[in-house]
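Chemist: The structure that follows is given in the form of structure tokens.
The values are calculated or read from the model by the stated rules, or taken from the named source; none is laboratory data. Nothing here was measured: the structure is a model prediction, and the numbers come from that model. Cβ placement follows ideal geometry from the backbone for every residue including glycine, while neighbour counts extend to all protein chains displayed. With ligands, DNA and RNA removed, areas are computed over all heavy atoms of the protein, side chains included. Shrake-Rupley method; radii C 1.70, N 1.55, O 1.52, S 1.80 Å.
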Amino acid sequence: MRTGICDQLGMEYPVLAFSHCRDVVAAVTRGGGFGVLGATVYSPEQLDIELRWIDEAVGGKPYGVDVLIPEKLAGMERGSGFDAAALGGMIPEEHRRFLDSLLVEYGIEPDAPGGENGDGDGEGSEGKPPNIAAGLSGEGALRLIEVALEHPVRLVANALGAPPEEMIKAAHAADVPVAALAGKREHALRHVAAGVDIVVAQGYEAGGHTGDIATMVLVPEIVDAVAPLPVLAAGGIARGRQMAAAMALGAQGVWTGSVWLTTEEAETHPAVLEKFLAATSSDTLRSRSITGKPARQLKSAWTDAWDGPGSPGPLPMPLQPLLVDYALHRIRRAASAGQPGATQLVNYFVGQVVGSLDAVRPARQVLREMIEEYVDAVAGLAGGLE
Ligand SMILES: Cc1cc2nc3c(=O)[nH]c(=O)nc-3n(C[C@H](O)[C@H](O)[C@H](O)COP(=O)(O)O)c2cc1C
């Protein structure tokens, strides 16, 4: 089942696994697939630690790193530094009040005046996660790429726009191919013009930031538009039959995300995991309530509130994450303590395939079952030919 992408990236099976958890990345890579670490949530120093751990764990097998460098960001130029104070000043009082009253309504104490909410210092002070909005700035993401290229990564990927020239130059100078996610044919053509080596055609079903065209329609469109560049299919792929469909559409491999969130190795919040295992494929929606751009996630009291009639509406990226990152952290913490309001609010990015994720399994087993079902599906189709 080798495809060109296996030779290009050096893995056994054409299955790429996006995850923020190093254990998932390492398990998939060790199992013969290709793990891709989502780096946006890390500071450069922390990323270096994670990648050192992965280097040890994978014993020379291939893995990659993914960043988000949005083409459009409110209040800042792409590639510019991240001025948290200036951006914080652009958050309307109405939005701060709405967030505080939402937290009060669900029994979570609002910040004291002058507290951390929306300060966005990006430093990850005690008990506070590093500010994701800072990682989204072009400057922050390019620093992450520099760190990644000091490790034996075999791929760097970017979402939310064509990768900037500096990213492509730095990767190519290190002989590392560049991939970019595309939700439309026009995006894919822009990526090709920018010099990417691999296009990830990601459909509407996918978890995380996504457009509005389904994988079934998008993949062949992009395959034809960018040929002979290789295309990976993403969105709605969690098992072998879906993988077989993606390969039939012309993809050289699959790029998966949601399916790894319910693996043993994933650090999915226990309350979120419970919701994922119970969810149906109707229980996700695209909402701007976490990042400011449409991202598919589980429906919860959080999305109901932000997308409901009393809401001032989410702010554009990066203001929305700057406003809500710390609140989301506090909600997760309260949900860990079993606080019922927090349990209602808590949610996370996940795709429509959440409806078929009903058991926790080791990542290696998920990969093996995917490949076995793929082989059976292809053999079954081939057997139906005269
Ligand atoms: C929890 C989660 C977080 C994600 N974060 C990112 C990200 O930071 N960068 C990125 O390129 N894609 C991100 N994605 C999208 C994945 O890379 C992938 O394209 C998508 O999950 C594929 O669709 P699926 O969820 O149906 O497998 C994320 C997906 C999920 C589920």
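Chemist: Within the range 23-43, can you find the residues that are within 16 Å of the ligand (Cβ to nearest atom), of a type outside the set (S, T, N, Q) and either closer than 28 Å to Thr291 by Cα or in contact with a Cys (Cβ under 8 Å, 6 or more places away or on another chain) (or both)?
Modeler: Listed by number, the residues that qualify are Asp23, Val24, Val25, Val28, Phe34, Gly35, Val36, Leu37, Gly38, Ala39, Val41, Tyr42.
Chemist: His20 versus (1) under 30 Å from Pro314 (Cα atoms); (2) open to solvent by 50 Å² or more (accessible area, probe 1.4 Å); (3) at pLDDT 95 or above; (4) away from the ligand (no atom under 16 Å from the Cβ): which is the lone unmet condition?
Modeler: Going through (1) under 30 Å from Pro314 (Cα atoms); (2) open to solvent by 50 Å² or more (accessible area, probe 1.4 Å); (3) at pLDDT 95 or above; (4) away from the ligand (no atom under 16 Å from the Cβ) one by one, His20 breaks only (4).
Chemist: Which of the helices (runs of 4 or more DSSP H) found entirely inside the range 12-104 contain at least 2 residues meeting this: within 19 Å of the chain's Cα centre (by Cα)? Please lay out each step first, then the result.
Modeler: Working: elements: 22-30, 44-58, 84-88.
Output list reads 22-30, 44-58.
Quick grid of which residues meet (1) open to solvent by 10 Å² or more (accessible area, probe 1.4 Å); (2) closer than 30 Å to Ala337 by Cβ; (3) aromatic (Phe, Trp, Tyr):
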{"position": "Met1", "(1), (2), (3)": "yes, no, no"}
{"position": "Arg30", "(1), (2), (3)": "yes, no, no"}
{"position": "Glu45", "(1), (2), (3)": "yes, yes, no"}
{"position": "Glu50", "(1), (2), (3)": "yes, yes, no"}
{"position": "Trp53", "(1), (2), (3)": "yes, yes, yes"}
{"position": "Leu99", "(1), (2), (3)": "no, yes, no"}
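Chemist: Collect the residues in the range 13-24 that are of a type outside the set (D, E, K, R) and more than 21 Å from Gly240 (Cβ to Cβ), keeping them in residue-number order.
Modeler: Step one: of the range 13-24, the residues of a type outside the set (D, E, K, R) are 13-21, 24.
Passing the criteria: His20, Cys21.
Chemist: Here is a further query. Could you go through the range 146-158 and let me know if any residue there is surrounded by fewer than 22 Cβ atoms within 10 Å (Cβ to Cβ) and under 23 Å from Gly292 (Cα atoms).
Modeler: Taking every residue of the range 146-158 in turn, none turns out to be surrounded by fewer than 22 Cβ atoms within 10 Å (Cβ to Cβ) and under 23 Å from Gly292 (Cα atoms).
Chemist: Here is a follow-up. Looking at Leu136 and the list (1) farther than 30 Å from Phe276 by Cα; (2) within 14 Å of the ligand (Cβ to nearest atom), which single condition is not satisfied?
Modeler: (1)
Chemist: Listed residues Leu315, Leu319; which is hydrophobic (A, V, I, L, M, F, W, C), away from the ligand (no atom under 16 Å from the Cβ) and at pLDDT below 95?
Modeler: Working: Leu315 fails: at pLDDT below 95.
Going through Leu315, Leu319 in turn, just one is hydrophobic (A, V, I, L, M, F, W, C), away from the ligand (no atom under 16 Å from the Cβ) and at pLDDT below 95: Leu319.
Chemist: Can Arg288 be described as in contact with a Pro (Cβ under 6 Å, 6 or more places away or on another chain) and either charged (D, E, K, R) or within 16 Å of the ligand (Cβ to nearest atom) (or both)?
Modeler: Values: in contact with a Pro (Cβ under 6 Å, 6 or more places away or on another chain): yes; either charged (D, E, K, R) or within 16 Å of the ligand (Cβ to nearest atom) (or both): yes.
Taking the combined requirement at face value, the residue satisfies it.
Chemist: Would you please name the residue that is farthest from Leu357 (Cα to Cα), looking only at residues in the range 184-214 that are of a type outside the set (A, V, I, L, M, F, W, C) and open to solvent by less than 10 Å² (accessible area, probe 1.4 Å)?
Modeler: Filtering the range 184-214 for residues of a type outside the set (A, V, I, L, M, F, W, C) gives 184-187, 190-191, 195, 197, 202-205, 207-212.
Adding the requirement that they be open to solvent by less than 10 Å² (accessible area, probe 1.4 Å) leaves 191, 203.
Values: His191: 32, Gly203: 19 Å.
Checked the range 184-214; the qualifying residue farthest from Leu357 (Cα to Cα) is His191.
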